[in-house]
Amino acid sequence: VLQEQLLQAVCQLGKPVVLVLFSGSPLTINWAQENVPAILQAWYPGEEGGTAIADVLFGRYNPAGRLPVTYVKSLDQLPEFTDYSMAGRTYRYMTDTPLYPFGYGLSYTDFEYSGLKIEGSQVGPEDSVKVQVTVKNVGELAGDEVVQLYLTDLEASVPVPRWRLEGFRRIHLRPGEEQVVEFTLTPRQLA
């Protein structure tokens, strides 16, 4: 509550505000998300953290990090602590819309995805599958993009995760540059 009151007071000054969070897990930041122009999650950055944060805030570095956790909108979105099933927990099993999902992140530039291709229309039990997508930097700044590949099983006969991160690639693109990113899904990943 004290943090929220402090943020409200700073925002009333009428100047742009960036909230830099130093934490090791998700926090309740709904008020900040609605009222603060920018939020930077710094985690526990170490002794060079101040330099790294200044580089991001002053535009010397274009951020491309992605959240390794899900930020819920409310504790009501989480199951009871005594419920040990995975239902409703993590991005893999959550059915509600979170404040920020696992894998979320922003950049000072924009990227466009096109040309999704999946090799083969049928897959046998020993077959791998190649997936390709073209990523283009349509913004004005060079930057990194983290291309993420998630799978979901629409016809499972047993309980399975709603989403599974099965691949990611970090690529660097200059303005106007594009790159084809390819993933190979193994039979184990498709099991």
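The values are calculated or read from the model by the stated rules, or taken from the named source; none is laboratory data. Predicted, not measured: the structure shown is a model, and the values here were computed from it. Here the Cβ positions follow ideal geometry from the backbone for every residue, glycine too, while neighbour counts run over all protein chains shown. Only protein heavy atoms, including side chains, enter the accessible area calculation; ligands, DNA and RNA are left aside. Shrake-Rupley method; radii C 1.70, N 1.55, O 1.52, S 1.80 Å.
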Descending principal axes extents, region 72-184, alpha-carbon based, whole Å: 50, 40, 16
On the accessible surface of region 10-117, probed at 1.4 Å, how many percent belong to carbon and sulfur atoms? 57 percent
So if we plug the beta-carbon distance of residue 33 and residue 117 into 1/(1 + (r/R0)^6) with R0 = 30 Å, what FRET efficiency do we get, rounded to 0.05? 0.25
Probe radius 1.4 Å, ligands and nucleic acids ignored: give me the carbon and sulfur share of the accessible area of region 120-186 as a rounded percent. 49 percent
Partners for residue 117 among aspartates and glutamates (Cα-Cα distance below 12 Å; same-chain residues under 8 apart left out): 182
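What is the packing order of peptides 151-157, 98-104, 86-92, 110-116, taking the mean over residues of other C-beta atoms within 10 Å and listing the highest first?
Details: 151-157: 9.1, 98-104: 17.3, 86-92: 14.6, 110-116: 12.3.
Put in order of decreasing packing, that is 98-104, 86-92, 110-116, 151-157.
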In this structure, the FRET efficiency calculated for residue 44 and residue 83 from their beta-carbon separation, with R0 = 30 Å, to the nearest 0.05, is 0.50
Answer label, with Rg and Dmax of the Cα atoms in Å calculated from the coordinates and candidates (1) 19.8, 62; (2) 16.5, 54; (3) 17.4, 63: (1)
